[in-house]
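In what follows, a structure is listed as structure tokens, so that the remarks can point back to it.
The values are calculated or read from the model by the stated rules, or taken from the named source; none is laboratory data. Please read all numbers here as calculations on a predicted model, not as lab measurements. Cβ atoms come from the backbone with ideal geometry, glycine included; neighbour counts cover every protein chain shown.
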Amino acid sequence: MEHADSGTETLEEVSVHRLDINFTGSGSEYFRIWIVNLLLIVVTLGLYWPWAKVRRQRYFWGNTLVDGDPLGFHGDPKQMFKGWLLVGVLFIAYNWASNFSAVAGVVAFAALGVLWPALWRSSMRFRMANTSWRGLRFRFVGSVRDAYLAHLPPFIVVLPMVILSIWIPDDPEADFPRWVGMGYLALLALGVVLLPWLLWRLKAYQQRHYALGSLQTDFRTSLKSFYVLAMKPIGLMVVLIGALGLAVWGMFQSAGEPSTSFVQLVSVLPFAIIGIWLLFFLGIRPWFTTRMQNLVWTKTGNSRMRFISQLRFRDMLWLSIKNGLLIMLTLGLYWPFAKVAVARLRLEAVHVRSITDMQALVAAAHQQPQEAAGDAAGDFFGLDVGL
């Protein structure tokens, strides 16, 4: 991989190239793709999903311009169909085991969790190897071992749950051991505490292993920054839910008859729940999305290049409110327009600064064998479970 030249050379003494990112897609264009995909997925009972995903990826990739040149997506829907079937079979097996017994369901869930890191890595290898810029394929070079280490926090929670499931009676009318229930609640609380750690490990694994030619990214941010970021929305939601619980308790205490309390609760609770839901999706979610994008991408790069993300919360907030209202008013038909608008806002808030001549980098990479990219592009499973 390329590293900064030794000696007295500094960033000010070299030419800094700025690579802007632009998105040229339109809501009306994507609406036609979206509505056809939706109809074909319904008609084929979901079997068209991989082809729909390829059409969607090619549209968004082809309209994402980096330094004036579009990205390309080369995924084969037939190959992706095999991965889609594999994931479908795994989830069907999990549902069957869950209906068989509670213990079997938990064990099947744990088994699926054991396979998931490998499948997740395969997805990233497949997506990167089938994405190109100026004719050069990207690569994802993360190892299987590091993928499992990145998923370590869920195993800390899931494994004790599997052990506790031994004491769960199969008969729903049987007595449920109180200590098992308390153990599950404690593990769920631990899971919430570990969420920022999990997110940090996953993002570090992803951002450290993207490669183009001789350049490979690094990720330089601390676990503390993720906890600081995550604790704010989590704390707000805990306060709101706690306040709602206290309000309900006070309502029952002040009312004389239980029936009166129930009527008051039924009349007030739906509005409180809707209010919290709107606050989360139209306030907390855009705030978290903005801060997370800026944190993750501004800390991604290496000694030769780096990403800069300057997404603004007020822009994301306004767009979330606008999209939410129009999606409700159009009964969901505005969704493709909303997706295009969000993609444009988030992508164009990012640019790349590089002291490497990217044209020379691409030209040099084209002269070298591409076995690594070809190997990943030929991944048998063709998985794309999301990044």
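Contact map, segment 82-101: residues that are among the small types (Gly, Ala, Ser) paired with residues that are surrounded by fewer than 13 Cβ atoms within 10 Å (Cβ to Cβ), Cβ distance under 6 Å, separation 6+ or inter-chain. Pairs shown: 101/170. Cβ-Cβ contacts under 6 Å between residues 6 or more apart (or on different chains), taken from a first residue in segment 228-247 that is buried (at least 16 other Cβ atoms within 10 Å of the Cβ) to a second residue that is part of a helix (DSSP H, G or I) and not hydroxyl-bearing (Ser, Thr, Tyr), are listed as 229/291; 230/196; 233/284; 233/288; 240/276; 244/272.
Yes/no per residue for (1) under 18 Å from residue 19 (Cα atoms); (2) buried (at least 17 other Cβ atoms within 10 Å of the Cβ); (3) in contact (Cβ under 8 Å) with a residue 12 or more places away in the chain:
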| position | (1), (2), (3) |
| --- | --- |
| 310 | yes, no, yes |
| 315 | no, no, yes |
| 323 | no, yes, yes |
| 327 | no, no, no |
| 330 | no, no, no |
| 339 | no, yes, yes |
| 347 | yes, yes, yes |
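Among the residues of segment 185-208, those that are modelled with pLDDT of 90 or more and either in a helix (DSSP H, G or I) or hydrophobic (A, V, I, L, M, F, W, C) (or both) comprise 196, 197, 198, 199, 200, 201, 202, 203, 204, 205, 206, 207. Closer than 30 Å to residue 83 by Cβ, at pLDDT below 95 and among the aromatic types (Phe, Trp, Tyr) - does that describe any residue in segment 26-49? Within segment 26-49, one or more residues are closer than 30 Å to residue 83 by Cβ, at pLDDT below 95 and among the aromatic types (Phe, Trp, Tyr). Does segment 216-239 contain at least one residue that is among the small types (Gly, Ala, Ser), modelled with pLDDT under 85, more than 18 Å from the chain's Cα centre (by Cα) and in a helix (DSSP H, G or I)? Scanning segment 216-239, I find at least one residue that is among the small types (Gly, Ala, Ser), modelled with pLDDT under 85, more than 18 Å from the chain's Cα centre (by Cα) and in a helix (DSSP H, G or I), so the answer is yes. Within segment 67-78, is there a residue that is of a type outside the set (S, T, N, Q), modelled with pLDDT under 90 and within 30 Å of residue 154 (Cβ to Cβ)? Yes.
Counting the residues of segment 128-179 that are modelled with pLDDT under 90, part of a helix (DSSP H, G or I) and β-branched (Val, Ile, Thr) gives 6. Across segment 304-320, a minimum of one residue is classified as modelled with pLDDT under 95, part of a loop (DSSP other than H, G, I, E, B) and over 21 Å from residue 278 (Cα atoms).
In segment 346-370, what count of residues is obtained for those that are modelled with pLDDT of 85 or more, under 18 Å from residue 131 (Cβ atoms) and β-branched (Val, Ile, Thr)? Counting residues in segment 346-370 that are modelled with pLDDT of 85 or more, under 18 Å from residue 131 (Cβ atoms) and β-branched (Val, Ile, Thr) gives 2. Within segment 62-92, the set of residues being surrounded by fewer than 16 Cβ atoms within 10 Å (Cβ to Cβ) and of a type in the set (Gly, Ala, Ser) comprises 62, 68, 88.
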